[in-house]
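Engineer: Submitted below is the structure of interest, expressed as structure tokens.
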Amino acid sequence: MTPDGQNANLITPLDRAKGSILGLVVADALGSTVEFTSPVEIKQKYGPAGQTEMRGGGFLNWAVGDYTDDSQMMLCLLESLVATNREAVTGLDVEDLGRRFVGWYDSRPPDIGITVSQALSRLKSGVPAADSGDANPQSQANGAVMRCAPVAVLWHQPSRRAELVRDSLLSAAPTHRSPIAAGSCVVANVMIAGLINGQPFETALAQAKQAAGPEWQRVLDEWEKAGRPHRGNSGWALSTVLTALHCILTTSTFEEAVVKAVNGGDDADTVGAVTGEIAGAFYGYAAIPDRWLKVLKDREKFLDLTTTLFAVGEK
Ligand SMILES: [Mg+2]
């Protein structure tokens, strides 16, 4: 079953933008409980339905409603875009974003990834934010696609496609510059922007493929030919995006998509976050279960920032 046909125009673009941002955060928090565990271990611990509730815990013993590095870095991007586009809407100021990432790095977050940590150390030592990410084509971790959605909230209008692609890549640059890792942000954000505008899921996916570079076009072609399979929950950008798409395409609600994503275990919070940012744009904010939202840390802050940034993008 695919989610197509359910993209009813009753959901407003602002509700879809809120769905994308809060969908990312809520799925990150849901996944944090089962990060680095296997699907078998998850079922043993939580029963046949798996991990379906906001309960904290996990290997870093999170409090209920806490979110992890995925949403923390996304918040840096969200706040940066809001702060630097108040006067004139010029898009992402990557040096401002870099300063916010370094501030977060200096707070010594417990769950910072290796690729991100190395890049932010280079940034802190004086490398410009546009150049501090690893450009090695083999550096393909998922640490940029997990946080990219705010760029799609800003540049959601169809006339802003060039800015959307430019700033999606630039939002990755402080930590990830390889075609696959940075390009994953183009794939996710072109989808999110299309879905915010009420596009059918398949149309948004086709446009994302068109906007992506040749590396991602090849990847998506092969995945289509193979029948759009689940690609596991490892920390790679490729498998993360493809598994997120699989989880959305094989379920019919936001909750089912995100639960399927995090119950793959391993890098559960990040596969959850990427599934949540795309599924949230498709199903809208109202589709996110209340029982998850009511305990989510900083829910109102994320909602207010999203509303402000969306309004900037309407100018
Ligand atoms: Mg995380």
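Engineer: Within region 17-45, which residues are away from the ligand (no atom under 11 Å from the Cβ) and farther than 29 Å from GLU300 by Cβ?
Structural biologist: Selection gives THR37, SER38, PRO39, VAL40, GLU41, ILE42, LYS43, GLN44, LYS45.
Engineer: Go through (1) within 16 Å of the ligand (Cβ to nearest atom); (2) within 30 Å of VAL312 (Cα to Cα) for LEU14 and report which single condition fails.
Structural biologist: Just one mismatch for LEU14, condition (1).
Engineer: Are any of the residues in region 5-28 surrounded by fewer than 19 Cβ atoms within 10 Å (Cβ to Cβ) and over 29 Å from LEU309 (Cβ atoms)?
Structural biologist: Scanning region 5-28, I find at least one residue that is surrounded by fewer than 19 Cβ atoms within 10 Å (Cβ to Cβ) and over 29 Å from LEU309 (Cβ atoms), so the answer is yes.
Engineer: I'd like to check something: does region 82-98 contain any residue that is of a type outside the set (Asp, Glu), more than 30 Å from LEU169 (Cβ to Cβ) and in contact with a helix residue (DSSP H, G or I) (Cβ under 8 Å, 6 or more places away or on another chain)?
Structural biologist: Start the filter on region 82-98 by keeping residues that are of a type outside the set (Asp, Glu), which leaves 82-86, 88-92, 94, 97-98.
From the residues that got through so far, the ones that are more than 30 Å from LEU169 (Cβ to Cβ) too are none.
No - not one qualifying residue is present in region 82-98.
Engineer: Taking VAL64 as meeting all but one of (1) modelled with pLDDT under 95; (2) over 30 Å from TRP155 (Cβ atoms), write down the number of the exception.
Structural biologist: It fails just one condition, (1).
Engineer: While we're on this one: Does region 47-58 contain any residue that is closer than 29 Å to SER139 by Cβ and within 14 Å of the ligand (Cβ to nearest atom)? It would help to see each step written out before you state the result.
Structural biologist: If we filter region 47-58 for residues that are closer than 29 Å to SER139 by Cβ, which is where we start, we get 58.
Those left that are additionally within 14 Å of the ligand (Cβ to nearest atom): 58.
Checking region 47-58: at least one residue is closer than 29 Å to SER139 by Cβ and within 14 Å of the ligand (Cβ to nearest atom).
Engineer: Just for region 104-144: of the residues that are in contact with a Leu (Cβ under 7 Å, 6 or more places away or on another chain) and within 15 Å of the ligand (Cβ to nearest atom), which one is modelled with the highest pLDDT?
Structural biologist: TYR105
Engineer: Please specify each residue of region 35-47 satisfying the condition of being assigned to a loop (DSSP other than H, G, I, E, B) and either among the basic types (Lys, Arg) or surrounded by fewer than 22 Cβ atoms within 10 Å (Cβ to Cβ) (or both). Working first, answer last.
Structural biologist: Of all residues in region 35-47, those assigned to a loop (DSSP other than H, G, I, E, B) come to 35-38, 47.
Result: PHE36, THR37, SER38, GLY47.
Engineer: Moving on. Got at least one residue in region 157-174 being aliphatic (A, V, I, L, M), within 28 Å of LEU14 (Cβ to Cβ), buried (at least 24 other Cβ atoms within 10 Å of the Cβ) and within 16 Å of the ligand (Cβ to nearest atom)?
Structural biologist: no
Engineer: If a residue has to be under 26 Å from GLN207 (Cβ atoms) and touching a Pro at 6+ places or on another chain (Cβ under 6 Å) to count, how many in region 115-172 make the cut?
Structural biologist: Total meeting the criteria: 1.
Engineer: Out of all the residues in region 160-200, which are in a helix (DSSP H, G or I) and out of contact with any helix residue (DSSP H, G or I) (no Cβ under 6 Å at 6 or more places or on another chain)? It would help to see each step written out before you state the result.
Structural biologist: Within region 160-200, the first condition is being in a helix (DSSP H, G or I), and the residues that meet it are 160-172, 179-196.
Those that are in a helix (DSSP H, G or I) and out of contact with any helix residue (DSSP H, G or I) (no Cβ under 6 Å at 6 or more places or on another chain): ARG160, ARG161, ALA162, GLU163, ARG166.
Engineer: Would you call ARG147 in contact with a Ser or Thr (Cβ under 6 Å, 6 or more places away or on another chain) and modelled with pLDDT of 95 or more?
Structural biologist: Working: in contact with a Ser or Thr (Cβ under 6 Å, 6 or more places away or on another chain): no; modelled with pLDDT of 95 or more: yes.
No: the conditions fail for ARG147.
The values are calculated or read from the model by the stated rules, or taken from the named source; none is laboratory data. This is a predicted model, so every value here is computed, not measured. Glycine gets a Cβ as well: all are built from the backbone with ideal geometry, and neighbour counts include every protein chain shown.
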